[in-house]
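Novice: Just passing along the structure, written as C-alpha cells.
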Amino acid sequence: MARGTLRIFLGAAPGVGKTFEMLQYGNRELHRGRDVVIGFLETHGRQPTADQIGDLEIIPRRTIEHRGATFSEMDVDAVLTRAPDVALVDEYAHTNIPGSRNTKRWQDIDELLDAGIDVVSTVNIQHLESLNDVVEQITGIKQRETVPDVRVRSADQIDLVDLPPESVRRRLARGLIYDASKIDAALGNFFRPGNLGALRELALLWLADRVDEALDQYKRDHDIGETWETRERVLVALTGAPNADHVIRRAARLAARTHGELVAVHVIPQDGLARTTGPHLEDQRALIEQLGGIYLEIVGDDPADALLATAHSEEITQLVLGATRRSRWQELIGGSVINRVIRGAGSVDVHVISSDGSDGEPLRLWRHPRHRALSRRRRLLGFAVGAVGTAALSAFLIPSQRGLELASVMLLYLGLTVIASAVGGLAAGLTTALAAIAITDYYFTDPLRTWVVADTRVVLALVVFVVVSGIVSLLVDIAARRAAEATRATAEAAALSDLARVLLDSDRPLEQLVDHIRTALQLHSITLLRSVTDGGWTTEASSGADPPTAPEEGSDTITIPPDHVLVLSGSRTVAEDRRVLTAFAAQLGVALESRTLARVAATAGELQQANELRAALLAAVSHDLRTPLAAMKAAATSLQQTDVHLTRADHDEFVQTIVEETDRLNRLVGNLLDMSRIHSGALDPITVPVGLDEIVPAAMRSLGDNQRRLDVSVPESLPRVHTDPGLLERIIANLLSNAVKWSPPGTAVRVVAGEIPSGVDLRVVDRGEGIAAGDRDRIFEPFQRIGDGHSSDGIGLGLAVARGFADAINASLTIDDTPGGGTTMVLHLPTTAESGETAAQHDTGTFHGATPPAPA
C-alpha cells in the first residue's frame, strides 16, 4: 500500500486562519468526489471557523481519564477503520494526554499516512524545535509543545497562511481569536506588533529555506549541475587590498540593477588557524553590510577553486573580481587566479574590474598546508628550480671544463643550491647539492668521467660543499617554520580578538561565535548542544552543512559546563588547535552566561516596571477611586434612612452627589482603560475628514455643568482635519477637564482654534499658576499630578492619555505659557492625510481664524 501524502498549513501565529484554510481545502476535495473526514478539529470557539465544517463528516473523539479529569483526543483506530481518502487533523505539534496511543499527534498522523490515508494538518512556526529558543527570546514565552523540524520538512506540501501583524491584532481585538477576557493581556504580550512581525519573518525565512532545499533536491535528482538563474546573486571577491572599495560598489550596483543579492567572499589562509588579513578588510566588511550584502569567509587550498565552489554552492549568477597589479613574473610563478576562475566559471558571468592604481593583489596565490612550513606548490617549485638549474648550468660548464677552476665550478653550483633552498626548503636544497656533487665529481675532478676522486683536498672541498649547502637549506627551512609559527600566533590572536568583538558587539553572539570557530578550525560543521531533561539534546547554535545533532555524531567534542557540549564535525583537532579551541569554548561559556544574565536582567526590568505601575495603581485605587465610592456610599445610605426626614432639596442634593461621583468614577476608570490600550498598542485609528466645530461641542458635554466655564471660539470655516473622531474627542475632553480643574474659581477657560500653514491648532487656555519648564515632560507621564496647583480629583492619567491618543492620530500636544499667567495646551492637527511632515515638526506660522489668546 502506498504511503499517504502529508499537507501542512503553516502559520506565523495563532489566529492567522490555518484551520479555516484546512477546512476550506477539505470541502473543495469533498466536492471533487474524494472521501474526506475530520479526524480532529479545534475551533477554539470561533464561529466563523466552525461554519466552514459544512458537509464534512466528523469522527467522534476518544475520551481519556487522567488525574480525575476527562479529556478528548483523536480516535486513531476509528479513523483507520473508517479509512477515508483524506483526514483533516488539526494541531500537528499537539502533545497527547498520557494514556493515549502515542505521545505526539504527529505520531498519530504517521500511522494514518502508513495506512495510505492522505492527511492535512496545521502548525505554527513557534512550535518548530529548531526555532524554540528564538521564539522564547522574541516573545518571552517558552513553547512546551514542539515538533522536530524534519517532520514538517518531510511534508509533501507546505502552504503558508500569512496575515500582516495589524490584521492579526484587529482579528484579536474583535474577539475572533480569544474571548474578551484574554484580549487585553494577549495584545500586550504575545500579540505585540514587534513579536508578530518577527514571527512572520521567521516563517517566511524558514519556508524559503525549504523551497531552496526542494529545488536543490530536484537538481540532484535530475543531475543538473549548472546554476539556474531563479534569482540574480552577485559574488565579489575580497582581499583586504586598499583598492577594493570601488570593486565592491560596482558589484553592489550590479546586484541593485537586477534586484539581486550581494555576497562577498574572502579566502583565508590555511595555516592551521584561519585569519582575516589586510588592514582594510574590516572596513570592506562594514561596507558590504552597509550595502545590504552578505559577508562570507571560506577556506580552500586554492583561491580560484574556493571561489568557484562557493559560486556553485551559493547559486551565484555573476562573479566580480578586481584586476591584479602583480607582475608577469609573479603570475608566471604563482599562476593567474583570474584566468583559472574564468576557465572554470561555466555558466557564471565573470566581471573583471580594472584597478584604480593602488598596489595590491586580489587573492593569495598559494596556501600553507597544515603543519608544513612551506606549501606543497613551493616545495615542488624548489625541486623544479634545482633540476632545471642544474641541467642548464651543467650544459653551460661541461663543454669548457678544461678551462675552469674547480673552485669556480663549485661556487656556481653552491649559488644554484642556495636559490633552490630559498625557494623549496631543505629537501630541495639537499637534492640540488647532491646532484651538483655528482656532476662535479664526474665531469670536473681528476680522473674525469669516473666517480673516483684522486686528490684528498678535492674530497674535503666536496664535503664542505655538502655541509654548507645543508646548513643554508636548513636555515631557510627554519626561517620558514618560524614565519609559519608567527603567522599561527598572529592568527590565534586575531581569531580570539574577533571572538571577543563578536561577544561584545553582536546581537546574536552564539551563532556568530560558532560560525567563527568553524571557519577558524576549517571544520565541515559545528553544533552547540544543550542537554535536556529527557536525556536528549537540543541545538543552541550551529554552522556548516549537516551539523551534528548529538555528541556521537561528531568527530570531536568539548564540554562547556554545566550542560552544553560543542560538537565538531570534520578532521579531529590537533594539539596546537586544542588550546585555542579551549579558549573558544570559554568564550562560548561567557556568551551563554551573558545571555542568561541578560534574560534575568530583562525579566527584572519588566518586573520593576510592573511593580512601579502596580504601586502607582494601588495608590490611585486606595485614594482616588475610593473617594467617589465613599461619597456615593454616603449619599445612598442617607437616602435609605427612614428615621430622618429629608426635604426635597436634600433628596435632590444626594441624588446629584451620586450622579456627579458616578461620572467622576467613570472618568477615572475610562482613563485607566485608555492607558491600558495605549501601553498594549491596541489603538487602531480610523482617520476621516472631520470639522473641529463638530468635535469640540461633543467633548464639552463630558464636563456637565462645568461647560458653562468654557469660552469657545471654533470657526466653522476652518479646514477639515484628517483624524479619528472618537480619539480626538477623548483628547479634547481630557484637555478641557484638566484646564477646568486647575483654573481658579470664577475664571473662564478659553478654547480657540485657528488655521496655520501646516494644519489647524486647537488651544486650551487656563489662568492657573502655570507649569515650570522642568515639569512639562513629566506631566504627560502616567500617575503624575504636578502643575498649577493641587487637586484631589483624578489620578494623573488625563494628560498621559491625551498625549498617547495624539501620537496615535499623528497629532502633537505641546505646552505654551499663557500671556499674563497660566498654561496653554496646543493640539496641532494635520489637514492632509498624506502629509509627509509629522505633526511634531509643524511650523507654528501665523494663526488664522479665531482671535489668539490675549493677555489677562
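Novice: Looking at (1) outside any helix (DSSP H, G or I); (2) crowded, with 16+ Cβ neighbours inside 10 Å; (3) at pLDDT 80 or above, which is the one condition that is false for A241?
Specialist: (3)
Novice: Confirm whether A311 is modelled with pLDDT under 85, in a helix (DSSP H, G or I), under 26 Å from the mean Cα position of the chain (by Cα) and surrounded by fewer than 17 Cβ atoms within 10 Å (Cβ to Cβ). Give the steps one after another, and end with the answer.
Specialist: Working: modelled with pLDDT under 85: yes; in a helix (DSSP H, G or I): yes; under 26 Å from the mean Cα position of the chain (by Cα): yes; surrounded by fewer than 17 Cβ atoms within 10 Å (Cβ to Cβ): no.
No, not satisfied.
Novice: Quickly run through segment 291-307 and pick out the residues that are within 26 Å of the chain's Cα centre (by Cα) and modelled with pLDDT of 80 or more.
Specialist: Of everything in segment 291-307, those that are within 26 Å of the chain's Cα centre (by Cα) and modelled with pLDDT of 80 or more turn out to be L291, G292, G293, I294, Y295, L296.
Novice: Restricting the search to segment 27-64, which residues are buried (at least 17 other Cβ atoms within 10 Å of the Cβ) and within 36 Å of the chain's Cα centre (by Cα)?
Specialist: Answer for segment 27-64, where residues must be buried (at least 17 other Cβ atoms within 10 Å of the Cβ) and within 36 Å of the chain's Cα centre (by Cα): F40, L41, R46, T49.
Novice: Collect the residues in segment 1-27 that are within 14 Å of S167 (Cα to Cα) and either part of a helix (DSSP H, G or I) or in contact with a strand residue (DSSP E or B) (Cβ under 8 Å, 6 or more places away or on another chain) (or both), keeping them in residue-number order.
Specialist: Residues of segment 1-27 within 14 Å of S167 (Cα to Cα): 11-17.
Within segment 1-27, G11, A12, A13, P14, V16, G17 qualify.
Novice: Quick test for you: out of V476, V567, pick the one residue that is more than 30 Å from R376 (Cβ to Cβ), surrounded by 20 or more Cβ atoms within 10 Å (Cβ to Cβ) and at pLDDT 70 or above.
Specialist: Numbers: V476 fails: more than 30 Å from R376 (Cβ to Cβ).
On inspection, the qualifying residue turns out to be V567.
Novice: When you check T642 against the structure, is it open to solvent by 40 Å² or more (accessible area, probe 1.4 Å), more than 30 Å from L187 (Cα to Cα) and at pLDDT below 75, yes or no? Let's see the steps before the verdict.
Specialist: Details: open to solvent by 40 Å² or more (accessible area, probe 1.4 Å): yes; more than 30 Å from L187 (Cα to Cα): yes; at pLDDT below 75: no.
Against the criterion (open to solvent by 40 Å² or more (accessible area, probe 1.4 Å), more than 30 Å from L187 (Cα to Cα) and at pLDDT below 75), T642 does not qualify.
Novice: Is it the case, given these coordinates, that V418 is under 16 Å from R379 (Cα atoms), assigned to a helix (DSSP H, G or I) and either of a type outside the set (D, E, K, R) or open to solvent by less than 60 Å² (accessible area, probe 1.4 Å) (or both)?
Specialist: Working: under 16 Å from R379 (Cα atoms): yes; assigned to a helix (DSSP H, G or I): yes; either of a type outside the set (D, E, K, R) or open to solvent by less than 60 Å² (accessible area, probe 1.4 Å) (or both): yes.
Taking the combined requirement at face value, the residue satisfies it.
Novice: Which ones in segment 582-601 are polar (S, T, N, Q) and more than 21 Å from the chain's Cα centre (by Cα)?
Specialist: Step one: of segment 582-601, the residues polar (S, T, N, Q) are 582, 587, 594, 596.
Selection gives T582, Q587.
Novice: For segment 697-766, which strands (runs of 3 or more DSSP E) that fit wholly inside it have 1 or more residues that are surrounded by fewer than 19 Cβ atoms within 10 Å (Cβ to Cβ) and of a type in the set (V, I, T)? Before you say what the answer is, go through the steps one by one.
Specialist: On the way: elements: 710-713, 721-723, 749-756, 759-765.
Correct list: 710-713, 749-756.
Novice: Under 7 Å by Cβ, and 6 or more places apart or on different chains, what pairs join a residue from segment 384-400 that is over 26 Å from L426 (Cβ atoms) with one that is open to solvent by 40 Å² or more (accessible area, probe 1.4 Å) and not basic (K, R)?
Specialist: Close Cβ pairs (under 7 Å, with a partner that is open to solvent by 40 Å² or more (accessible area, probe 1.4 Å) and not basic (K, R)) amount to I398/Y443.
Novice: Then there's this: Would you check which residues across segment 72-115 are under 15 Å from E145 (Cα atoms) and hydrophobic (A, V, I, L, M, F, W, C) and list them?
Specialist: A93, I97, W106
Novice: Can you tell me which residue is modelled with the highest pLDDT among those in segment 180-216 that are more than 25 Å from the chain's Cα centre (by Cα) and open to solvent by 80 Å² or more (accessible area, probe 1.4 Å)?
Specialist: The qualifying residue modelled with the highest pLDDT is K182.
Novice: If A436 satisfies every condition in (1) modelled with pLDDT of 80 or more; (2) over 60 Å from the mean Cα position of the chain (by Cα); (3) open to solvent by 60 Å² or more (accessible area, probe 1.4 Å) but one, which is the exception?
Specialist: (3)
Novice: I'd like the residue in segment 570-582 that is open to solvent by less than 40 Å² (accessible area, probe 1.4 Å) and modelled with pLDDT of 70 or more and, out of all such residues, is nearest to S542 (Cα to Cα).
Specialist: Checking each candidate, the answer is G570.
Novice: Could you look through segment 693-736, keep only residues that are at pLDDT below 85 and within 20 Å of V659 (Cβ to Cβ), and pick out the one that is nearest to the chain's Cα centre (by Cα)?
Specialist: So, considering only residues that are at pLDDT below 85 and within 20 Å of V659 (Cβ to Cβ), the one nearest to the chain's Cα centre (by Cα) is S702.
Novice: Determine if segment 66-75 includes at least one residue that is of a type in the set (S, T, Y), touching a Ser or Thr at 6+ places or on another chain (Cβ under 6 Å) and either open to solvent by less than 50 Å² (accessible area, probe 1.4 Å) or free of Cβ contacts under 8 Å to residues at least 60 places away in the same chain (or both).
Specialist: First, the residues of segment 66-75 that are of a type in the set (S, T, Y): 70, 72.
Keeping just the survivors that are touching a Ser or Thr at 6+ places or on another chain (Cβ under 6 Å) gives 70, 72.
If we keep only those that are either open to solvent by less than 50 Å² (accessible area, probe 1.4 Å) or free of Cβ contacts under 8 Å to residues at least 60 places away in the same chain (or both) too, we end up with 70, 72.
Checked segment 66-75: at least one residue is of a type in the set (S, T, Y), touching a Ser or Thr at 6+ places or on another chain (Cβ under 6 Å) and either open to solvent by less than 50 Å² (accessible area, probe 1.4 Å) or free of Cβ contacts under 8 Å to residues at least 60 places away in the same chain (or both).
The values are calculated or read from the model by the stated rules, or taken from the named source; none is laboratory data. The structure displayed is predicted, hence computed values, not measured ones. Note: ideal-geometry Cβ built from the backbone for every residue, glycine included; neighbour counts use all protein chains shown. The protein model used for the area step is the full one, side chains on, heavy atoms only, and it has no ligands, DNA or RNA in it. Shrake-Rupley method; radii C 1.70, N 1.55, O 1.52, S 1.80 Å.
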